[in-house]
Amino acid sequence: MRVVLRSLAALLRSGSITHAGVAYDHVIESFRNDLFADYKTGEGIAPDLFAQFELAERAAAALGLRVCR
């Protein structure tokens with residue numbers, strides 16, 4: 001998590017960008033789950049890693065980035 005935030009902050013400080021956003025791919029139940037057995041099940045994601053997703057989104061937003069889900 002620290003590496004991601006450090007990289008985003010460095011990019012913003014560089015002054016070389018004019019727009020930035022971050023897109024996160026959430027596990028969302030939809031009709032696609034019925035069509036494809038393994039579609040976005042979230043299976044196999046380590047609990048320690050999964051627990052960091054929301055924090056990463058909040059931190060990116062705090063840096064002023066547009067966060068899309």
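The residues of segment 18-35 that are open to solvent by less than 60 Å² (accessible area, probe 1.4 Å) and either in contact (Cβ under 8 Å) with a residue 60 or more places away in the chain or under 14 Å from Leu63 (Cα atoms) (or both), listed by number, are Ala20, Gly21, Val22. Among the criteria (1) of a type in the set (Phe, Trp, Tyr); (2) open to solvent by less than 100 Å² (accessible area, probe 1.4 Å); (3) closer than 19 Å to Val4 by Cβ, the one Phe50 does not fulfil is (2). For segment 36-47, a residue qualifies if it is surrounded by 11 or more Cβ atoms within 10 Å (Cβ to Cβ) and without any contact (Cβ under 8 Å) to a residue 12 or more places away in the chain, and the qualifying residues are Tyr39, Ile45.
For segment 53-69, a residue qualifies if it is within 21 Å of Arg6 (Cβ to Cβ), touching a strand residue (DSSP E or B) at 6+ places or on another chain (Cβ under 7 Å) and of a type in the set (A, V, I, L, M, F, W, C), and the qualifying residues are Ala60, Ala61, Leu65, Val67.
Within segment 51-69, residues that are among the basic types (Lys, Arg) sit with their Cβ atoms under 8 Å from residues that are part of a loop (DSSP other than H, G, I, E, B) and loosely packed, with under 15 Cβ neighbours inside 10 Å, at 6+ positions apart or across chains, in these pairs: Arg66/Ala20; Arg69/Tyr24; Arg69/His26.
The values are calculated or read from the model by the stated rules, or taken from the named source; none is laboratory data. Small disclaimer: the values here were computed from a predicted structure and weren't measured. Heads up, the Cβs are rebuilt from the backbone with ideal geometry, glycines too, and the neighbour counts pull from every protein chain shown. For the accessible areas, the whole protein counts, side chains as well, though only heavy atoms, and no ligand, DNA or RNA atoms are used. Shrake-Rupley method; radii C 1.70, N 1.55, O 1.52, S 1.80 Å.
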